[in-house]
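**Student:** There's a structure below that I have some questions on.
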Amino acid sequence: MTKRKFAPPLPFKVVAVLAMLAAISIICGKYLAIRGGDILRFSFENLPIIFAGLAFGPFAGVLVGVVADLVGCVMVGYSINPLVTLGAAVIGGAAGLFGMISKKTGIKIIPSVIISTLLAHLLGSVLVKTYGLAAYYDLPLWALMLWRLLNYVIVGGIECALLVVLFKNKEISRLISDMKPKAKRKESSK
């Protein structure tokens with residue numbers, strides 16, 4: 001019987017980067033946002049969440065989304081809305097999942113980033129978070145959804161452009177690939 005060593009799900013370097021991305025999301029979403037009342041705000045809080053999902057996979061994207069939402073709410077005194085937190089998780093997970101599918105099917109980086117960002121915002125920001133906000137504030141769902149759709153067409157377009165620039169940068173791509181765990185070779189049995 002061989003002893004199995006404990007292997008954490010994510011390397012320490014990746015966890016450190018994910019913590020930094022969650023902190024950037026909090027700063028962008030809670031402190032640098034342009035507000036339009038209690039419900040609408042223009043911010044780039046989802047940019048680090050989508051980046052985490054695309055760079056390190058769906059689990060990492062979900063982790064950054066949940067941590068950023070929960071810690072950010074506690075820091076600024078917002079009440080925690082589980083549906084909004086779920087929406088943040090969906091944003092990271094959807095981006096990461098489509099990013100994985102893109103790599104396996106050979107989709108180039110620019111279409112991959114565009115489709116990942118679009119899906120992440122459509123599912124997480126426009127559907128899940130909007131439903132959570134409409135229920136919490138007792139607002140008409142469809143009117144709020146239209147406003148948020150317009151919001152994320154603008155924000156998502158800017159985020160797409162920024163993400164393409166980030167992922168096309170050779171140094172950033174090299175750093176991401178250096179942080180990922182290397183696949184272990186299977187030893188042939190005797």
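No lab work stands behind these numbers, since they all come straight from the coordinates. The structure presented is a predicted model; accordingly, all values stated were derived computationally and were not measured. FYI the Cβ positions are ideal-geometry reconstructions off the backbone, even for glycines, and counts take in every protein chain you see.
**Student:** Once you've got the Cα coordinates, tell me which of K3/K180; K30/K129; K108/K129 are over 19 Å apart.
**Tutor:** Beyond 19 Å: K3/K180; K108/K129.
**Student:** So how much slack lies between L166 and L150, counting 0.36 nm per residue of separation and subtracting their Cα-Cα distance, in nm?
**Tutor:** Result for the pair: 3.3 nm of gain on full extension.
**Student:** On a C-alpha basis, how far is the centre of segment 90-126 from the centre of segment 1-72 in Å? Whole number, if you could?
**Tutor:** Using only Cα atoms to place each centre, the spacing works out to 15 Å.
**Student:** Computed on alpha carbon atoms, what radius of gyration and Dmax characterise the chain, expressed in Å?
**Tutor:** According to the Cα coordinates of the chain, Rg and Dmax are 17.9, 68 Å.
**Student:** Compute the helix-to-body angle for 12-26: its Cα long axis versus the longest principal axis of the chain, expressed 0 to 90° and rounded to tens.
**Tutor:** Helix 12-26 and the main axis of the chain meet at about 10 degrees.
**Student:** Also, quick follow-up: Using only Cα atoms and rounding to the nearest 10 degrees, what angle (0 to 90) does helix 46-56 make with the longest principal axis of the chain?
**Tutor:** 20 degrees
**Student:** Sticking with the crude label model, points 7 Å out along Cα→Cβ, report the distance from K103 to D178 in nm, one decimal please.
**Tutor:** 1.8 nm
**Student:** While we're here: Suppose the chain between L141 and R4 were pulled fully straight at 0.36 nm per residue; how much longer would it get relative to their current alpha carbon spacing?
**Tutor:** Length difference between fully extended and current span is 44.2 nm.
**Student:** Let me ask another. Taking the Cα centre of the chain as the origin and placing charges on Cβ (Lys, Arg +1; Asp, Glu -1), which of G93, G77, L127 is farthest toward the positive end of the dipole?
**Tutor:** G93
**Student:** Amide H neighbours of R41 under 5 Å, at least 5 residues apart or on other chains, H built in the peptide plane: list them.
**Tutor:** Answer set, sorted by chain and number: G36.
**Student:** Can you compute the charge dipole magnitude of segment 77-190 about its Cα centre, using +1 on each Lys and Arg Cβ and -1 on each Asp and Glu Cβ, nothing else charged? Give it in debye, rounded to the nearest 20.
**Tutor:** Here the size comes out at about 920 debye.
**Student:** Regarding segment 1-108, what's the average projected area of the Cα-atom convex hull, expressed in nm²?
**Tutor:** Projected over every direction and averaged, the Cα hull of segment 1-108 covers 9.4 nm².
**Student:** Using the Cβ atoms and a cut-off under 13 Å, what net charge is assigned to the surroundings of L86, where Lys and Arg are +1 and Asp and Glu are -1?
**Tutor:** 0
**Student:** On to the next question. Can you pull out the trypsin sites (Lys or Arg not before Pro) in segment 88-167 whose DSSP state is coil and whose Cβ has at most 11 other Cβ atoms within 10 Å?
**Tutor:** Loop-located and lightly packed - K108.
**Student:** Sequence gap at least 6, Cα distance under 8 Å: using those rules, report the relative contact order of segment 1-160 to the nearest whole percent.
**Tutor:** Reported relative contact order: 21 percent.
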